[in-house]
Amino acid sequence: MSDIAERVKKIVVEHLGVEESKVNENSSFIDDLGADSLDTVELVMAFEEEFGCEIPDDAAEKIVTVKNAIDFISENAD
Amino acid sequence: MSDLSGKSALVTGASGGIGAAIARQLHGMGASVALSGTRIEPLEALAAELGDRTAVTPCNLGDGEAVAGLIGQVEAALGQCDIVINNAGVTRDGLAMRMKDEDWDTVLAVDLTAAFKLSRAALRGMMKRRWGRIVNITSVVGHSGNPGQANYAAAKAGLAGMTRSMAAEVAARGITVNCVAPGFIDTPMTDVLNDKQKDGINERIPAGRMGAPDDIAAAVAYLASNEAGYVTGQTLHVNGGMAML
């Protein structure tokens, strides 16, 4: 797994308080990891902070799985 | 009252009677306080009176760009923004039939839209820290209505609805959002009334007198305290019994 993927996974584990083993690239924040809509807003904020990038609202709406987050950040982070 | 040491508060409209009383109260509880308003002189005089743990952050809340930057200014000056007191308000009274669009728009922009934008900006840090207090100063007229104040009453009633929605969204993050609704308070705004007008007002108030800015500040202090952490989405009416809602 790439460095970005590891860091995304770590944020998800910390923010949602889920077992690391339950988080894989295809996990959906809401359906698989028990996040609510406010959790997803917080996750996006945490990604922005960790990777120093801005995630616009229309992009944030499309980040529903761990893989979506990794892909967006890989394409947009410095 | 509860200790707010280590917390930082923004008070808008701190150049006015009620805002200054709120700022003094929160400062007295140990909070650092950012004083915002349009008139810089009274803000600086208040900051000098309070001493340490203060910042002066002037802002015209009718100016969208200035509003967008205010929370950032507070965070830069005080490190963070844990408490937001949306106290600033303007009136442009007139009968609805004759009210100009501009008078409607100005009141809604300052009294309602600015409070929304400041709260939205401050919530980010509050969510992260899992602690926050937003207190919106509304008015008895937002609940009772008042001839000549369709704009002001709409803005204040709007604040109450916004408060309840926001409160529901962030309650699980240790953040509370509440209103304090003053009745008639003795401030420079009511000084212009003559004795006969004041007597007329006092007759409508079971307590038999106008409130003081400190009466409002005490209610704000409670809602900003740690002890009020389970109180959210509420309006605390401070009006001498004038309207029992």
query: Which is assigned to a loop (DSSP other than H, G, I, E, B), closer than 21 Å to residue B:135 by Cβ and more than 18 Å from the chain's Cα centre (by Cα), of B:80, B:73?
result: B:80
field: Within the stretch B:83-125, tally of residues that are buried (at least 24 other Cβ atoms within 10 Å of the Cβ) and more than 13 Å from the chain's Cα centre (by Cα)
entry: 2
- line: Taking the stretch B:44-63 and keeping only residues that are more than 25 Å from residue B:155 (Cα to Cα) and either touching a strand residue (DSSP E or B) at 6+ places or on another chain (Cβ under 9 Å) or crowded, with 20+ Cβ neighbours inside 10 Å (or both), one is left with B:44, B:46, B:47, B:48, B:50, B:52, B:53, B:54, B:55, B:56
- prompt: Just one of the numbered conditions (1) among the charged types (D, E, K, R); (2) touching a Gly at 6+ places or on another chain (Cβ under 7 Å); (3) away from chain A (no Cβ under 14 Å) is not true of residue B:133; which one?
  reply: (2)
- line: Within the stretch A:1-46, the residues that are polar (S, T, N, Q) and closer than 11 Å to residue A:65 by Cα are A:24, A:26, A:27, A:28, A:40
statement: Residue pairs qualifying under the 9 Å Cβ cut-off, at least six apart or on distinct chains, with the first in the stretch B:152-176 being within 12 Å of another protein chain (Cβ to nearest Cβ) and the second being small (Gly, Ala, Ser) and surrounded by fewer than 17 Cβ atoms within 10 Å (Cβ to Cβ), are B:166/B:233; B:168/B:233; B:169/A:37; B:171/B:233
- request: Return yes or no: is residue B:88 assigned to a helix (DSSP H, G or I), closer than 19 Å to residue B:136 by Cα and small (Gly, Ala, Ser)?
  value: no
task: Enumerate the pairs (first residue in the stretch B:3-17 and within 21 Å of residue B:59 (Cα to Cα); second residue anywhere and among the acidic types (Asp, Glu) and at pLDDT 95 or above) with beta-carbon separation below 7 Å, excluding pairs fewer than 6 apart on the same chain, so at least 6 apart or on different chains.
output: B:8/B:82; B:9/B:82
Search result, residues across the stretch B:104-129 that are within 14 Å of chain A (Cβ to nearest Cβ), in contact with a helix residue (DSSP H, G or I) (Cβ under 8 Å, 6 or more places away or on another chain) and of a type in the set (D, E, K, R): B:124, B:128
task: Please list, ordered by first then second residue, the pairs with beta carbon atoms under 6 Å, 6 or more apart or interchain, first in the stretch A:44-70 and modelled with pLDDT of 90 or more, second among the hydroxyl-bearing types (Ser, Thr, Tyr) and surrounded by fewer than 16 Cβ atoms within 10 Å (Cβ to Cβ).
output: A:64/A:28; A:65/A:28
message: Among the listed residues B:60, B:87, identify the single one that is modelled with pLDDT of 95 or more and closer than 23 Å to residue B:164 by Cα.
response: B:87
- prompt: Taking residue B:172, is it in a helix (DSSP H, G or I) and under 16 Å from residue B:136 (Cβ atoms)?
  reply: no
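Table: residues versus (1) among the β-branched types (Val, Ile, Thr); (2) more than 22 Å from residue B:127 (Cβ to Cβ).
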{"site": "A:3", "(1), (2)": "no, yes"}
{"site": "A:10", "(1), (2)": "no, no"}
{"site": "A:13", "(1), (2)": "yes, no"}
{"site": "A:19", "(1), (2)": "no, yes"}
{"site": "A:23", "(1), (2)": "yes, no"}
{"site": "A:29", "(1), (2)": "no, no"}
{"site": "A:34", "(1), (2)": "no, no"}
{"site": "A:57", "(1), (2)": "no, no"}
task: Could you please find all residues in the stretch A:25-47 being within 14 Å of another protein chain (Cβ to nearest Cβ), on the phi < 0 side of the Ramachandran plot and not hydroxyl-bearing (Ser, Thr, Tyr)?
output: A:35, A:36, A:38, A:39, A:41, A:42, A:43, A:44, A:45, A:46, A:47
query: Regarding residue B:186, is this residue acidic (Asp, Glu), at pLDDT 95 or above, within 30 Å of residue B:95 (Cα to Cα) and within 20 Å of the chain's Cα centre (by Cα)?
result: no
Number of the condition not met by residue B:128 [criteria: (1) in a helix (DSSP H, G or I); (2) more than 29 Å from residue B:225 (Cα to Cα)]: (2)
message: Just to verify a result, which residue in the stretch B:194-228, among those that are part of a loop (DSSP other than H, G, I, E, B) and loosely packed, with under 15 Cβ neighbours inside 10 Å, is modelled with the lowest pLDDT?
response: B:194
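The values are calculated or read from the model by the stated rules, or taken from the named source; none is laboratory data. If you're wondering where the values come from, they're calculated on a predicted model, not measured in any experiment. Glycine also receives a Cβ, built like all others from the backbone with ideal geometry; neighbour counts cover every protein chain displayed.
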